[in-house]
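The values are calculated or read from the model by the stated rules, or taken from the named source; none is laboratory data. What you are looking at is a predicted structure, and each value in this text was computed from that prediction instead of being measured. Don't worry about glycine lacking a Cβ; one is built from the backbone with ideal geometry, like all the others, and counts go over all protein chains shown. Each accessible area value is taken on the protein alone, full model and side chains, heavy atoms only, with ligands, DNA and RNA left out. Shrake-Rupley method; radii C 1.70, N 1.55, O 1.52, S 1.80 Å.
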Amino acid sequence: MKTIYLASNSKARKKLLKSLGLRFKVLPSKVKEGRSVKGISYAQLVKLNAFRKAEDVAAKVREGIIIAADTVMVQDGRIFGKPKDLQRARQMLKIMSNKPQAVYTGIAVIRKEKGRSRILTGCEKTTVFMDKLSDKEISGYFKKVSPLDKAGSFDIQGRGALFIRRINGCFYNVVGLPLRKLYLIFKKLNLKFFLFFLPALFLAGCSTEYNVVTGEQESYYYSTDKEVQMGRAIAREVAKEYKLGNDPLMQKRVEDIGKKIIAVCDRKEIDYYFFVLEDDSVNAVSLPGGYVYVFKGLVDKVSNDDELAGVIAHEVGHIVARHSIKKLQAQQGYSILRLLVAVAPSSGGVGAAADTAFTELILGYSREDELLADQLGTRYAKLAGYDPHAMVKFLEKLQDVEKRRPLQEKNYYKTHPYVPDRIRTVKEEMGDRIDFDDYINIEQQPHK
């Protein structure tokens, strides 16, 4: 086995390599990291820095495997690396907590043997969303953690996780070394011994996100880009099977409300699309990657924009929490999902896969997912300037109407069960008084 050299003295990177069972030597590079992006992208910048570090160390050894990396944070066009002192670290973390930032890590691996060298580079990007931090919170954090050896002045794998609301992308990229990207580079360099150490998690993929309400870290096998591809594939089939609304004013009404909701939601790295379907069912559904469909029957049923905003915000909540990906992973396995992200949109089986996926999503989510979407939807509707109490009125209206008639094949009340629980969740989010009736699930028996 060739000797592995880590061209970095980063504690986090050393810990990650050790967690894989790899034996390596630390040989830090003395190359100064460039922080100018004139004429190149951020991804190219970090790959160039990693490349220079790897070459610097490779010149010092006769043979072996050299791993180098460079990580930067980017926010509003500004690049943030490791702070020079505590004062700068304090300023940096304060800025970081105000808006989302993108984390770029460039990797370079050199395989040097018998006087020949082969080098490959790669880059990973992850978006980080923080809670807004006060000066007191930052001071308390710095008393426990030294920020000087950390890009952006925080450690996501330690106490810094307490103020990370969520991330989109590879968790280990924020730590400082995207392990799946490293594995892929090793694979291309034909370094098969690496497979022995690599856990199955990284073979499957790496996409970790923090739940916006619980703060828990959730792993997905499909990145945001793949999620958008899935949504696009399903949306194409929806357009074939369902007739889009023919009332331009109704479509504009839904779009205008949707735009206000996404302006205040917690997930803005994707584009959102809002459509009305020409169907009398009282229903709404969201797809992976930002697609929201509201059935005409539901639009006709609401009394005002406040009620409609509550429904749309609920569906956006599902997208923010990535519930559709979670459900499809659990229900359909990976064969359906792989078809949905096929390179050729018209390749065989994609239409059937998209139809199956849409059917699963229109049948509703788990009770926990529905309640979380209600909580988020109530929050977003209020932040967007709508009356969140209207969602309670809409739910009560549906409950009263649906008791009087059999359930239809596609119905908002059917696919979104536990109405009393949902009403209680909405009231709790608004801080309203909870009545005794709110604790009684009066829909324990199915409709006859």
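For this structure, a couple of remarks:
- Accessible surface of region 114-168 [probe 1.4 Å, protein heavy atoms]: carbon and sulfur percent: 48
- Summarising the label geometry, the points placed 7 Å from Cα in the beta-carbon direction at LEU162 and LYS25 lie 4.1 nm from one another.
- Since only LEU133, VAL145, GLY169 are under comparison, the one whose Cα sits farthest along the positive direction of the charge dipole of region 128-173, derived from C-beta charges on Lys, Arg, Asp and Glu, is LEU133.
- Estimated FRET transfer efficiency (ARG78, LYS187; beta-carbon r; R0 41 Å; 0.05): 0.75
- Residues ASN304 and LYS240, FRET efficiency given R0 of 25 Å [Cβ-Cβ distance, rounded to 0.05]: 0.15
- Taking each of LYS11/LYS143; LYS18/LYS326; LYS181/LYS226; LYS94/LYS144; LYS326/LYS393 in turn, the alpha-carbon distance tops 23 angstrom for LYS18/LYS326; LYS326/LYS393.
- Whole-Å distance, taken between Cα centres, linking region 250-307 and region 123-187: 34
- With every protein chain in place and a 1.4 angstrom probe, the accessible-area ranking of ILE262, ILE167, largest first, reads ILE262, ILE167.
- The phi-based Karplus calculation (6.51 cos²θ - 1.76 cosθ + 1.60; θ = phi - 60°) puts the 3J(HN,Hα) values of region 117-134 at 10, 10, 10, 10, 10, x, 9, 10, 10, 9, 9, 10, 10, 10, 6, 6, 9, 8 Hz, whole numbers, x for Gly and Pro.
- Percent carbon-and-sulfur accessible area, region 1-63, ignoring ligands, DNA and RNA, probe 1.4 Å: 50
- Across the protein chains, with a 1.4 Å probe defining accessible surface, the residues LEU287, LEU162 rank LEU162, LEU287 from largest area downward.
- When the surface is traced with a 1.4 Å probe over the full set of protein chains, GLU63 keeps roughly 80 Å² accessible.
- Solvent accessible area, Å² - PHE24, 1.4 Å probe, full protein context: 40
- Net charge of Cβ neighbours under 9 Å - reference GLN375; Lys, Arg +1; Asp, Glu -1: -2
- Per residue accessible area in Å² of region 1-104, where ligands, DNA and RNA are left out and the probe is 1.4 Å: 54
- Counting only heavy atoms of the protein chains and using a 1.4 Å probe, ILE40 has close to 60 Å² of accessible surface.
- Extension gain for VAL145 to LYS11 (0.36 nm times residue separation, less C-alpha to C-alpha distance): 46.9 nm.
- Modelled spin-label separation between VAL264 and ILE40, with each label point placed 7 Å from Cα along the Cα-to-Cβ direction: 4.3 nm.
- Couplings for region 289-294, taken from phi via the Karplus curve 6.51 cos²θ - 1.76 cosθ + 1.60 with θ = phi - 60°, read x, x, 9, 10, 10, 10 Hz in order; Gly and Pro are left as x.
- Cross-linked pairs LYS82/LYS136; LYS188/LYS268; LYS15/LYS47; LYS136/LYS327; LYS25/LYS125: Cα-Cα separations exceed 30 Å for LYS188/LYS268; LYS136/LYS327.
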